[in-house]
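K.L.:
Pasting a structure here, questions to come.
Derivation of every value follows stated rules applied to the coordinates shown; laboratory data play no part. None of these values were measured; they are calculated from a predicted model. Every residue, glycine among them, receives a Cβ derived from its backbone with ideal geometry; neighbour counts consider all protein chains shown.
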Amino acid sequence: MTVGKACVRGLSRALRVSMLVGLGAVLSACGGGDRVSNFSPQRLIVFGDSSSVVAGGNLTDVNGGTVTAAAGAKFSVNAQAVDSTGAATGALDCNSYPIWVQALGFHYGIGFAECNTFTETTPRGKIYAQVGAAVADLSAQVALARADAGGFRSTDLATVMIGQQDILDAYAQYPTKTGAEVIALAEAAGETLGRNINALAQEGARVLVTTLP
């Protein structure tokens, strides 16, 4: 039990390393810690794992498998849509119990194709986050977004929330791997994440990094 607790403490330290690297990336994207002007993004580009996914229907996970999902489904609380009489329609109300990227979109008046809150003809929000994604999958998400949009602009706000799968995968290797080896795996993932975020910021997008719960 003592060894197990030590391993948990080590993983928490690795998470703090990841958080510090991510914070550095945010500051590099904004040019420092002081706000010099209000930022109003024209596009909201979402990267990450299941915590940032809103389904447009059945999903494909990072391994190519199919995840059965109704349109508007989220990996959190979902609400049934109702008609004018209050009867359930059988569909989901994707605007109820919004996940964090939806709340961010609400603030800027940006909706997503998967949940077009503002009925935009062409929603300005795009979700590239994937079910089960780890840090190693982030570069592919960014490459797809880059190809879709022809690059990133200073009016883009990109969100990144990823790394939970890496921590779970690392912890699952204990005690086959030692506590120190597990910590090293988590720290390596944090360092890779930091490099990817800095590279994204250098391409022109403003980057908002959300640390893990």
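K.L.:
Order the peptides 170-179, 108-117 from the highest to the lowest mean number of other Cβ atoms within 10 Å of their residues.
P.N.:
Answer by packing, highest mean first, reads 108-117, 170-179.
K.L.:
Taking the mean number of other Cβ atoms within 10 Å as a proxy for protection, how do you rank 187-193, 160-166, 148-154 from highest to lowest? Walk me through the intermediate numbers first.
P.N.:
Working: 187-193: 20.0, 160-166: 24.0, 148-154: 12.9.
Most protected by this proxy first, the peptides run 160-166, 187-193, 148-154.
K.L.:
Grab the Cα-Cα distance for TYR97 and PHE118, subtract it from 0.36 nm times how many residues apart they are, and report the gain in nm with one decimal.
P.N.:
Values: separation 21, 0.36 × 21 = 7.56 nm, distance 1.63 nm.
Extra length available between TYR97 and PHE118 comes to 5.9 nm.
K.L.:
To continue, here is another question. When the gyration tensor of segment 107-213 is built from Cα positions, what are the square roots of 5 times its three eigenvalues, in whole Å, from largest to smallest? Walk me through the intermediate numbers first.
P.N.:
Values: eigenvalues 194, 47, 24 Å².
Semi-axes from the Cα gyration tensor: 31, 15, 11 Å.
K.L.:
Can you tell me how much longer the chain between SER139 and GLU203 gets when fully stretched, taken as 0.36 nm per residue apart minus their C-alpha distance, in nm with one decimal?
P.N.:
Additional length available on full extension: 21.7 nm.
K.L.:
Give me the distance in nm between label points sitting 7 Å out from Cα along the Cα-to-Cβ direction at ASP83 and ASN38, one decimal.
P.N.:
A separation of 4.2 nm, rounded to one decimal place.
K.L.:
Run the quick spin-label model on PHE106 and ALA188: label points 7 Å from Cα toward the beta carbon, then report their separation in nm to one decimal.
P.N.:
4.1 nm
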